[in-house]
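For reference, the structure is listed below as structure tokens.
The values are calculated or read from the model by the stated rules, or taken from the named source; none is laboratory data. These figures come from a predicted structure and were not determined experimentally. Positions of Cβ are backbone-derived with ideal geometry, glycine not excepted, and every protein chain shown enters the neighbour counts. What goes into the accessible areas is simple: the full protein's heavy atoms, side chains included, and nothing from ligands, DNA or RNA. Shrake-Rupley method; radii C 1.70, N 1.55, O 1.52, S 1.80 Å.
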Amino acid sequence: MLEGLRRPTELIVIVVTLLAYGCPIQAIVHAYGLDERTVADWQKRAGKHCQQLHHALVEQGKVDAHHVQADEIRVKAGKMIAWMGLAIDVSTR
């Protein structure tokens, strides 16, 4: 994810962490003096990296799950019913 980037690794890690915790891109741009496109690119790179990692480990069954918590939510809105399920390994939370 970090190959080819010209900024300090520490800055990139801080920015991606802030994004992961829901910090708006505009706040990061203002606080660190970065270009909005740069922050958006880092977010996209981090997302692709996470997707590759998820595919390589989770989807291939290479995760040793000891205690898994699962939850679901069902919402009815007008003529639509939406359902979402989530399961997470407690040890990796």
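Report the residue count in the stretch 10-30 for those that are open to solvent by 70 Å² or more (accessible area, probe 1.4 Å) and either of a type outside the set (Phe, Trp, Tyr) or over 15 Å from residue 47 (Cα atoms) (or both).
Of the residues in the stretch 10-30, 7 are open to solvent by 70 Å² or more (accessible area, probe 1.4 Å) and either of a type outside the set (Phe, Trp, Tyr) or over 15 Å from residue 47 (Cα atoms) (or both).
Yes or no: residue 4 more than 27 Å from residue 91 (Cα to Cα), at pLDDT below 95 and exposed (fewer than 13 other Cβ atoms within 10 Å of the Cβ)?
Against the criterion (more than 27 Å from residue 91 (Cα to Cα), at pLDDT below 95 and exposed (fewer than 13 other Cβ atoms within 10 Å of the Cβ)), residue 4 qualifies.
Determine whether the stretch 68-83 contains at least one residue that is among the small types (Gly, Ala, Ser) and modelled with pLDDT of 90 or more.
yes
Where the second residue is modelled with pLDDT of 95 or more and acidic (Asp, Glu) and the first is within 20 Å of residue 49 (Cα to Cα) and lies in the stretch 7-35, which pairs have Cβ atoms under 9 Å and are six or more apart or on separate chains?
Matching pairs, first to second residue: 25/36.
Pull out all pairs, ordered by first then second residue, where Cβ-Cβ is under 9 Å, the residues are six or more apart or on different chains, the first lies in the stretch 70-93 and is exposed (fewer than 10 other Cβ atoms within 10 Å of the Cβ), and the second is among the polar types (S, T, N, Q).
86/69; 93/69
Can you confirm whether residue 72 is among the acidic types (Asp, Glu) and touching a helix residue (DSSP H, G or I) at 6+ places or on another chain (Cβ under 7 Å)?
No: the conditions fail for residue 72.
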